[in-house]
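Beneath this line is the structure, given in structure tokens, with notes to follow.
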Amino acid sequence: MPLPRDLPIVDHHCHLSPSGEGVTAARRFRALGGTHLFLATQNYTPKVPRSLDDYRAQFETTEQLARRVREETGVVVFPVVAPYPIDLVHAAAEIGGAAATDLQVRALDLAGTWVREKRAVALGEVGRPHFPISDDLAPLVDRALRHAFSVAHDVDCPLVIHSGELDEEGFRELAGLARAAGVPAERVVKHYARERVSATERAGVVPSYLARRELVREVREDPGPWFLETDFLDDPARPGAVLDLGTVPRRALAIAEQGPEATARLVVPFVESVARVYGLELRPPEASGP
Ligand SMILES: [Zn+2]
């Protein structure tokens, strides 16, 4: 059974770079049946952003890539923007902790403005470095993260969380930060989830699963919301560091080949979860009207 024509096929987290494959990777995604990409911003130069203008230029690059992908491949792209949490660690070493935190806070405000102007659908990636940081830095990172939650509350949008692996307590802590800011836990997405988390373990926080074959098999019967992602990095220097952009449509096709019952489950990550977390009603590009 081929992929149903009216089913959107969604990669919930990827990066594209002007110095990588860019539109070519999106064309491969489209050729395999992919229809929608959530495109997270990233640093496009080796230098860590030092000013708000650096972040503005970065977000604009993401926006330009999104536009080119839409125009040249027909894939619908949803930009997700925020200052990368790890930037704070590097910027602190260069300009000091206070100035680096202040820059993160202002860049989060800028990202919030983009959401309000409908130039982005969520704040991401926000969160904490996935490696140990010093006792001096930890409170600064937390301050920036709490600010991210308050911006998400103000502009009423989801947050895409970068962090190390989370256990049950880690999910509970995120849900607590959300509650303190008045953000529903269901608007908090833990990206790069590499193990299945049960509904009780995740405290309402939404996992975005790395689309490895085994993991997809484990989670595909689970009630939503949950997503599938590749975290494609589009970095020619690191091929195979994460999954290829063709992976989510390939997994969807493998499931569709098992019959209509298995195929019906695909609406959970690709339609229902996108509607619940983002409030977006997805339709495949062919089916969308003028
Ligand atoms: Zn990412």
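Quick note: the coordinates plus some simple rules give every number you see, no bench work behind them. Note that this is a predicted model, so its numbers are computed, not measured. Cβ coordinates were reconstructed from backbone atoms using ideal geometry, including for glycine residues, and neighbour counts include every protein chain displayed.
With the Cα gyration tensor of region 246-287 giving a ≥ b ≥ c as the square roots of its eigenvalues, does the rule (a/c under 1.5 for rounded; else a/b larger than b/c for prolate; else oblate) give rounded, prolate or oblate? Spell out each step's value before the answer.
On the way: a/c = 1.95, a/b = 1.64, b/c = 1.19.
Note, shape of region 246-287 comes out prolate.
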Between SER134 and ALA31, how many nm apart are label points set 7 Å from Cα along the C-beta direction? 4.9 nm
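Cα gyration tensor of region 197-290, axes a ≥ b ≥ c as square roots of the eigenvalues: rounded (a/c below 1.5), prolate (a/b > b/c) or oblate? Write out the running numbers ahead of the final one.
Details: a/c = 1.33, a/b = 1.12, b/c = 1.19.
Rounded shape, in that the Cα axes give a/c under 1.5.
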Estimated distance in nm for a label pair at ARG212 and THR45, the labels positioned 7 Å out from Cα along Cα-to-Cβ: 3.6 nm
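At 222 nm, what value in deg cm²/dmol follows for the chain if DSSP H runs of at least 4 each add -39500 (n - 2.57) and the sum is divided by all its residues, to the nearest 500?
Value at 222 nm, helices only: -13000 deg cm²/dmol.
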Which of the listed residues, ALA57, GLY127, GLY33, is farthest toward the dipole's positive end in the chain, when Lys, Arg count +1 and Asp, Glu count -1 at the beta-carbon? GLY33
Separation of the GLU117 and GLU60 label points, Cα + 7 Å toward Cβ, nm: 1.0 nm
Using a simple charge model, +1 on the beta-carbon of Lys and Arg, -1 on the beta-carbon of Asp and Glu, nothing else, what dipole does region 10-287 show about its Cα centre, in debye to the nearest 20? 540 debye
Multiply the residue gap between GLU281 and ALA262 by 0.36 nm, knock off their C-alpha separation, and tell me the result in nm, one decimal place. 4.7 nm
Need the full-extension length gain, MET1 to ASP167, defined as separation in residues times 0.36 nm minus the C-alpha distance. One decimal, nm. 56.0 nm
How much length is gained on full extension from SER19 to GLU72, taking 0.36 nm per residue of separation minus their Cα-Cα distance? 17.4 nm
